[in-house]
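Colleague: Have a look at the structure that comes next, please.
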Amino acid sequence: MPSYDYRCTGCDQRFEVTRPMSSSGEVCCPACGAEAKRVFTPVGVAFKGSGFHNTDYRTAPSSDKSEAACPAKSEGTCAGCPAAD
């Protein structure tokens, strides 16, 4: 069963209650018996970096391998090689 943090509206005491998620009844302070309100605390998760979506779903980088194999193609002097096509 999950534990929930509560704060008393009467004496401002904070306490923890373990109860089922399906339970929706009122919670009373164990010290004074007044009604208590649930305290919501932030979750300690921080997402840093470039992100999984950028690294997992990006397209492959496009590069012209024929120009890298034959630098003379850019100059137009390599008529005999297959990279000149």
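The values are calculated or read from the model by the stated rules, or taken from the named source; none is laboratory data. Quick caveat: nothing in here was measured; it's all calculated off a predicted structure. All Cβ positions, even for glycine, are placed from backbone atoms using ideal geometry, and neighbour counts span all protein chains on display.
Colleague: Would you mention how many residues in the stretch 13-24 are more than 29 Å from the chain's Cα centre (by Cα) and either farther than 15 Å from Pro2 by Cα or touching a residue at least 12 places away in the same chain (Cβ under 8 Å) (or both)?
Modeller: So the count comes out to 3.
Colleague: Here is a check on your reading of the model: is Lys73 among the basic types (Lys, Arg) and at pLDDT below 65?
Modeller: In short, yes.
Colleague: Another one. If you go through the stretch 33-45 one residue at a time, do you hit one that is modelled with pLDDT under 70 and either among the charged types (D, E, K, R) or touching a strand residue (DSSP E or B) at 6+ places or on another chain (Cβ under 9 Å) (or both)?
Modeller: no
Colleague: Right, another one. Pull out all pairs, ordered by first then second residue, where Cβ-Cβ is under 8 Å, the residues are six or more apart or on different chains, the first lies in the stretch 37-53 and is closer than 30 Å to Glu26 by Cβ, and the second is at pLDDT below 75 and surrounded by fewer than 10 Cβ atoms within 10 Å (Cβ to Cβ).
Modeller: none
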